[in-house]
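**Student:** Got a structure here, written out as structure tokens. Questions coming.
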Amino acid sequence: MDDWLARGALKAVPRERLRALSVKSDAKGWLQAGSFLAALAVTTTGLILTPPGALALWLPLFVAQGILLNCLYAGQHELSHWTVFRTKPLNDAFGAVFGFLTLNPFLTDRWAHFAHHRETQNPEKDSELIGMNPFTTASYLINLVGIDFWYRRVRMILRTAAGQGLEADYWLTADQRRTVIAEARVHVALWLAIAAVSVTLRTWLAVELWAAPLLLLKVFHQLQNTGEHVGMPHESNIFTNTRTLRGPAWMRWLMWNMSYHTAHHAFPGVPFHALPALHAEIVAGLDHPVIERGYLEAQREILTWLAGEDARRRAAA
């Protein structure tokens, strides 16, 4: 059980039940990771074998490829908590691969993510809020479709590789700072190696199969990423500063059950496969409902809130 479960969480779920839900499983981890990578192998093979000019076949495969690549981050997130597999080295090995494929260095993300859990929605200490200007409707939409997201991500990796931009990362020890710099340099070196091989072989496969679908389809994963906390109050109560997102079974599979985000934040050590049961326990144990929204409903709520914030700024100007 993680030592940084949310304040007041044990009031909702008895400790004995929590222990039962916290049991990790290599078999369930392999089932989820294996089915996900199999789906990615199908779309990758389909893109390679699609005849030139067959746009009606190529386009849906390209979209599916981009969605799957971006949703690998949901898996990476769980791997960073060591909850996909019971065996810790498996979590780290898969996490490093997923982190490279999603332009998200694994250890860098793990340590920043732990700070996000400990200080959720605290503008001064939440790693996802530090250095971020408050969203306007325009800046939010630019982030939602991935433009600002990817600009900040690539810039962060390049600056880290140069040993810059870590001043605000208070959660890193001196040894961890050296590690994240080395990790960023490995990522940049691999990018350059892939570019060099592509130029040498005169092939666009790395762009078609990886870079282009990853960059262009970020918006799908952003429905989850932004829906979790954007527009929620800056307070420490995890049951009011986090949204649970409702969606069909295939969406829950894509998001590795991160749609149950309130449950995950309440008890980060509970593995992804037990989050539906944990969510049910929390709903039954609280004296108030968990905040739940559909994916598109959450976006409407966020945009309505942002319109109000924009109006208040204009009135104050």
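Throughout, read-outs are computed from the coordinates displayed, never taken from laboratory work. Computed from a prediction, not measured in an experiment: that's the story for all the values here. Here the Cβ positions follow ideal geometry from the backbone for every residue, glycine too, while neighbour counts run over all protein chains shown.
**Student:** What does the charge count around G99 come to, taking other residues whose C-beta lies under 15 Å from its C-beta (Lys +1, Arg +1, Asp -1, Glu -1)?
**Tutor:** -1
**Student:** Also, I was wondering about something else. Calculated from DSSP H runs of 4 or more alone, at -39500 (n - 2.57) each and per residue, what is the 222 nm mean residue ellipticity of the chain, nearest 500?
**Tutor:** Helices in the chain give a 222 nm mean residue ellipticity of -20000 deg cm²/dmol.
**Student:** Hey, got the dipole for segment 9-316? About the Cα centre, +1 on K and R Cβ, -1 on D and E Cβ, debye to the nearest 20?
**Tutor:** 280 debye
**Student:** While we're on this one: In the neighborhood of L245, defined by Cβ-to-Cβ distances under 14 Å, what is the net charge if each Lys or Arg adds +1 and each Asp or Glu adds -1?
**Tutor:** Summing Lys/Arg as +1 and Asp/Glu as -1 gives +1.
**Student:** Please list log₁₀ I(q)/I(0) at q = 0.07, 0.08, 0.15 Å⁻¹ for segment 9-316, using the Debye equation with identical point scatterers on the alpha-carbon positions.
**Tutor:** -0.29, -0.38, -1.37
**Student:** Another question, then. What is the sum of charges, Lys and Arg at +1 and Asp and Glu at -1, for the other residues whose Cβ falls under 13 Å from the Cβ of G165?
**Tutor:** +3
**Student:** Here's something else I'd like to know. Normalised by the residues of the chain, what does the relative contact order come to in percent, with Cα pairs under 8 Å and at least six apart?
**Tutor:** Contact order relative to length: 27 percent.
**Student:** So which GluC sites (Glu not before Pro) in segment 124-179 end up in coil per DSSP with only 12 or fewer other C-beta atoms within 10 Å?
**Tutor:** E124, E167
**Student:** OK, next. Evaluate the distance, in nm, between pseudo-label points positioned 7 Å from the Cα of H234 and of V199 along their respective Cα→Cβ axes.
**Tutor:** About 4.5 nm, to one decimal.
**Student:** Within segment 1-97, which trypsin sites (Lys or Arg not before Pro) sit in a loop by DSSP and count at most 16 neighbouring Cβ atoms inside 10 Å?
**Tutor:** Filter output for segment 1-97: R7, R86.
**Student:** Check each of the trypsin sites (Lys or Arg not before Pro) in segment 119-222 and keep only those in coil by DSSP with at most 10 other C-beta atoms within 10 angstrom; list them in order.
**Tutor:** For trypsin sites (Lys or Arg not before Pro) across segment 119-222 that sit outside H, G, I, E and B with at most 10 neighbouring Cβ atoms in 10 Å, the list reads R202.
**Student:** Continuing with this model, one more query. Starting from the amide H of R246, placed 1.01 Å from N in the peptide plane, find each other amide H under 5 Å away whose residue is 5 or more places distant or on another chain.
**Tutor:** Counting only residues 5 or more places away or on other chains, the set is R293, G294, Y295.
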